[in-house]
Amino acid sequence: MTIPDPVHPAWLPSEAFRAIGARRTLVLGDGLLAGTVHDEVAQACARYGGRVRRDAGSEPYDLVLALTTAEVPPGVAGEVRPDSALGDEGYVLARRDGTTVVLADEPAGLLYGLFHVVRLGEGAFAAERPAEHHRPATRRRMLDHWDNVDVHPVMGQVERGYAGGSVFWRDGAPRGELARVRAYARLLAACGVNAISVNNVNVHATEAHLLTDRLGDVAALADVFRPYGIRVHLSVNFASPVVLGGRPTADPLDEDVRTWWADVTERVYETIPDFGGYVVKADSEGQPGPFAYGRDHADGANLLAEALAPYGGVVHWRAFVYNHRQDWRDRSTDRARAAYDHFAPLDGRFRDNVILQVKHGPVDFQAREPVSPVVAAMPATRLAVELQVTQEYTGQQRHVCYLAPMWREVLGFRPWGDGGADVAELVGGGDLVGVSNVGDDPYWTGHPLAQANLYAFGRLAWEPRLDPAAILDEWIDLTFLQAATGDAEPAASGATDRLRRTLHEIMDDSWRTYERYTAPLGVGFMVRPGHHYGPDVDGYEYTPWGTYHFADRDGVGVDRTRATGTGFTGQYPPPWSEVYESLADCPDELLLFFHHVPYGHVLHSGSTVIQHIYDTHFAGAEQVTETRRRWQEAAGLFDPSLHARVKALLDEQVRCAEEWRDQINAYFFRKSGVPDAHGRCIP
């Protein structure tokens, strides 16, 4: 498929298909997605001189992509055939007797198998490969777009969007540029995403009408995503019966309200038969919900689930519910407690097609938070863990911040300690949801290196135990190095190694680098209110949104213990309830999230809290300067326009990191009166 000019091809440049396109391929199977597989191979063959057929014939093949129900030529599949069902999206991959074979029970599996071969490049056609069975760990690997149809007066076309406008909407109407949407669908399928919501969870007046009289706009997008195995979902306003239907109430137990939702949902499925379902943000930050009628969130979610159930649809009900009109003087109020307090008592009351969508941390996508205790508290409820791919609190795609290491830590967290299930197992077979970082910028994500976060989300959603460094290697190979395979000159290998090394040096530790020069020891939220970019230590400290660090002349941090604080530590099962409660045992990186301590408190590292703040902020800013130097030295390894874009962004990251360093260090020096042990200049 031709990528619309001047859009960057990301991890699917034409060169990524060179190994397939230069060979003889057989595609066997019927259905829309099998047709997509054939078309992808045919386009590659047209470019690189290979051949593709959809009937076996008598010639030999280098690559066979076939459904298990198809009649594969004798000797081609052989021992590759699976012993058990592969499921809707699974596939088996093998190479034997000079032929690479992908078999799948369903066309979606064939599509994912094709993109696996693309990732392998020439490696797919090298040595013999025993049969490998691949199945996704999660049922839905979903991206939520916070895109507005109308331009919002504060948030713009995309809320928390750092890559330009929406790829779907512009100034109150569809963009109409479906070639770009198709290119986006293809990118998502290649990393494993199979579901998408196309509008903001904060459903404003125009967006509400996508459910009814503007449903055709959603159907047009569904038609584009369908050939790549991606189902479209829609964020809806809980008060739609009032806003759209003229009803006097949206009470979830009102029979007329139930009928209204059933009728509207029936029309949705008549228009989009494979529609995925609804996404709902209710009773949160001003959005309407069941609390207005004296009902709880099980009542609200079950209302929509009942309407969706006849069609196999699901409702993703977000657990991001808290009081955003708090009194900052009241130290018993704790935003971190809210999701557990609201939802844990409801475990077991939700219908089977309700998916409770829980942010990975208990507050709001900070650079460092503990894992939300809700994940372990609701064994009788289907859960989705929500990650923020868009870098709201991690540099807004103006800073390099590769997030896969953080996500891998989240997915590997074991709420019951060693030997217990980890987060990946708790949501296994369920959903992993990411908030999209894509916009209409030529590089898709604003910062070209932020593409790696989108790619990594899809890959971790498919297989949560993948190594972040290995995922980064995949992205580097596809995005930058596939052009150097095949007929590349041997002299290019040194440059290839240097390019790979440069990107690993810049990106591997970039999340922890960002953490070092921003908010220390898990305290979070030291950002400028509203837009959340740049330092403002007290910006939110005296607002109704919450209180996050309680810094005074004696110490810093939030006491969330059961003994003397908000009791939040008690929301975790043992052993973490005891670990977080204990000042002696609490991990350094989360100390100020759980405890208020003196500046002289000694960390496990041996440093005091105040010296740790100074040291990490100086070190973080220095690391960003070193990152810029490495990028400058690699100028000849990258496309000049891409290199220039990243160089300009690194200049901004250096400036901003120094601003963070100076403001955070100056603030805590003036609060504590304790000088830097190394005598460095603090403003």
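Check off (1) touching a Ser or Thr at 6+ places or on another chain (Cβ under 9 Å); (2) open to solvent by 10 Å² or more (accessible area, probe 1.4 Å); (3) of a type outside the set (Lys, Arg); (4) without any contact (Cβ under 8 Å) to a residue 40 or more places away in the chain for Thr569 and give me the number that stays unchecked. It fails just one condition, (2). Would you confirm whether any residue within region 349-356 is at pLDDT 95 or above, buried (at least 21 other Cβ atoms within 10 Å of the Cβ), outside any loop (DSSP other than H, G, I, E, B) and of a type in the set (Phe, Trp, Tyr)? No; the residues of region 349-356 include none that is at pLDDT 95 or above, buried (at least 21 other Cβ atoms within 10 Å of the Cβ), outside any loop (DSSP other than H, G, I, E, B) and of a type in the set (Phe, Trp, Tyr).
Quick check on my filter: what residues within region 55-69 are surrounded by 17 or more Cβ atoms within 10 Å (Cβ to Cβ) and of a type outside the set (Ser, Thr, Tyr)? Scanning region 55-69 gives Ala56, Asp62, Leu63, Val64, Leu65, Ala66, Leu67. The requirement of being open to solvent by 10 Å² or more (accessible area, probe 1.4 Å) and without any contact (Cβ under 8 Å) to a residue 12 or more places away in the chain is satisfied by Val602.
Of all the criteria given as (1) outside any strand (DSSP E or B); (2) under 26 Å from Val558 (Cα atoms); (3) charged (D, E, K, R), the one not satisfied by Glu386 is (1).
What tally of residues in region 253-262 results from selecting those that are closer than 21 Å to His316 by Cα, of a type outside the set (S, T, N, Q) and either within 27 Å of the chain's Cα centre (by Cα) or outside any loop (DSSP other than H, G, I, E, B) (or both)? Going through region 253-262 one residue at a time, the tally reaches 5. Scanning region 54-64 for any residue that is within 22 Å of Tyr228 (Cα to Cα) and of a type in the set (Gly, Ala, Ser) turns up nothing. Screening Gly276, Gly192, Gly216 for residues that are within 30 Å of Ile3 (Cα to Cα) and touching a Gly at 6+ places or on another chain (Cβ under 6 Å) leaves exactly one candidate, Gly192. If you filter region 426-451 down to residues that are in a helix (DSSP H, G or I), out of contact with any Leu (no Cβ under 6 Å at 6 or more places or on another chain) and at pLDDT 95 or above, you find that the one that is farthest from His233 (Cα to Cα) is Leu449. Here Arg135 clears all of (1) out of contact with any Gly (no Cβ under 6 Å at 6 or more places or on another chain); (2) surrounded by fewer than 17 Cβ atoms within 10 Å (Cβ to Cβ) except the condition numbered (1).
Can you find even one residue in region 642-654 that is in a helix (DSSP H, G or I) and within 17 Å of Asp536 (Cα to Cα)? Quick ask: steps written out before the conclusion?
Residues of region 642-654 in a helix (DSSP H, G or I): 642-654.
With the extra rule that they be within 17 Å of Asp536 (Cα to Cα), the set shrinks to 653.
Yes, region 642-654 contains at least one residue that is in a helix (DSSP H, G or I) and within 17 Å of Asp536 (Cα to Cα).
Taking region 521-566, which residues are open to solvent by 40 Å² or more (accessible area, probe 1.4 Å) and of a type in the set (Ser, Thr, Tyr)? The answer is Tyr542, Thr564. Within region 651-681, the set of residues being over 22 Å from His399 (Cβ atoms) and open to solvent by 30 Å² or more (accessible area, probe 1.4 Å) comprises Phe669, Arg670, Lys671, Gly673, Val674, Pro675, Ala677, His678, Gly679, Arg680, Cys681.
Of the helices (runs of 4 or more DSSP H) contained entirely in region 502-598, those carrying at least 3 residues that are touching a helix residue (DSSP H, G or I) at 6+ places or on another chain (Cβ under 6 Å) and farther than 30 Å from Glu652 by Cβ fall at 576-581.
Evaluating Glu386 against the criteria (1) farther than 30 Å from Lys647 by Cα; (2) open to solvent by 10 Å² or more (accessible area, probe 1.4 Å) leaves one unmet condition, (2). When the residues of region 253-293 are filtered to those that are surrounded by fewer than 20 Cβ atoms within 10 Å (Cβ to Cβ) and of a type in the set (Phe, Trp, Tyr), the one that is nearest to Phe320 (Cα to Cα) is Phe291.
Residue-wise test of (1) assigned to a loop (DSSP other than H, G, I, E, B); (2) surrounded by fewer than 19 Cβ atoms within 10 Å (Cβ to Cβ).
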site: Pro82; (1), (2): yes, yes
site: Ala85; (1), (2): yes, yes
site: Glu89; (1), (2): yes, no
site: Val101; (1), (2): no, no
site: Phe115; (1), (2): no, no
site: Val118; (1), (2): no, no
site: Gly121; (1), (2): no, no
site: Ala131; (1), (2): no, yes
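Pairs linking a residue in region 43-64 that is farther than 19 Å from Asp97 by Cβ and outside any loop (DSSP other than H, G, I, E, B) to a residue that is open to solvent by less than 80 Å² (accessible area, probe 1.4 Å) and β-branched (Val, Ile, Thr), with Cβ atoms under 6 Å and 6 or more positions apart or on different chains, are Ala44/Ile20; Cys45/Val52; Val52/Thr25; Val52/Val41.
Can you pull out the residues in region 303-316 that are open to solvent by less than 30 Å² (accessible area, probe 1.4 Å) and out of contact with any helix residue (DSSP H, G or I) (no Cβ under 8 Å at 6 or more places or on another chain)?
From region 303-316, those open to solvent by less than 30 Å² (accessible area, probe 1.4 Å) are 303-305, 307-308, 313-316; that's our starting set.
Listed by number, the residues that qualify are Ala305, His316.
Within region 402-422, identify whether any single residue is charged (D, E, K, R), closer than 25 Å to Tyr548 by Cα and not in a helix (DSSP H, G or I), and answer yes or no. Looking for residues that are charged (D, E, K, R), closer than 25 Å to Tyr548 by Cα and not in a helix (DSSP H, G or I), one finds none in region 402-422, hence no.
Of everything in region 228-248, what is at positive phi and touching a helix residue (DSSP H, G or I) at 6+ places or on another chain (Cβ under 8 Å)? Give them in sequence order. Give the steps one after another, and end with the answer.
Quick first cut of region 228-248, residues at positive phi only: 229, 246.
Within region 228-248, Gly229 is the sole residue that qualifies.
If a residue must be closer than 21 Å to Tyr91 by Cα and open to solvent by 30 Å² or more (accessible area, probe 1.4 Å), how many such residues does region 427-466 contain? Qualifying residue count, region 427-466: 5. If you go through region 317-338 and pick out every residue that is in contact with a Ser or Thr (Cβ under 8 Å, 6 or more places away or on another chain), outside any loop (DSSP other than H, G, I, E, B) and open to solvent by less than 20 Å² (accessible area, probe 1.4 Å), you end up with 2.
Filter region 365-377 down to the residues that are within 21 Å of Gly570 (Cβ to Cβ), part of a loop (DSSP other than H, G, I, E, B) and out of contact with any Gly (no Cβ under 8 Å at 6 or more places or on another chain) and list them by number. Residue satisfying the conditions is Pro373 alone. Can you confirm whether region 493-513 contains a residue that is closer than 19 Å to Pro370 by Cβ, open to solvent by less than 30 Å² (accessible area, probe 1.4 Å) and touching a Gly at 6+ places or on another chain (Cβ under 9 Å)? Taking every residue of region 493-513 in turn, none turns out to be closer than 19 Å to Pro370 by Cβ, open to solvent by less than 30 Å² (accessible area, probe 1.4 Å) and touching a Gly at 6+ places or on another chain (Cβ under 9 Å).
Note on region 34-54: among residues that are within 35 Å of the chain's Cα centre (by Cα) and open to solvent by 60 Å² or more (accessible area, probe 1.4 Å), the one that is farthest from Thr68 (Cα to Cα) is Arg47.
The values are calculated or read from the model by the stated rules, or taken from the named source; none is laboratory data. This structure is a prediction, so every number in the text was calculated from the model and none was measured. Using ideal geometry, Cβ is built from the backbone for each residue, glycine included, and neighbour counts are taken over all protein chains shown. All accessible areas refer to the heavy atoms of the entire protein, side chains included, with ligands and DNA or RNA removed. Shrake-Rupley method; radii C 1.70, N 1.55, O 1.52, S 1.80 Å.
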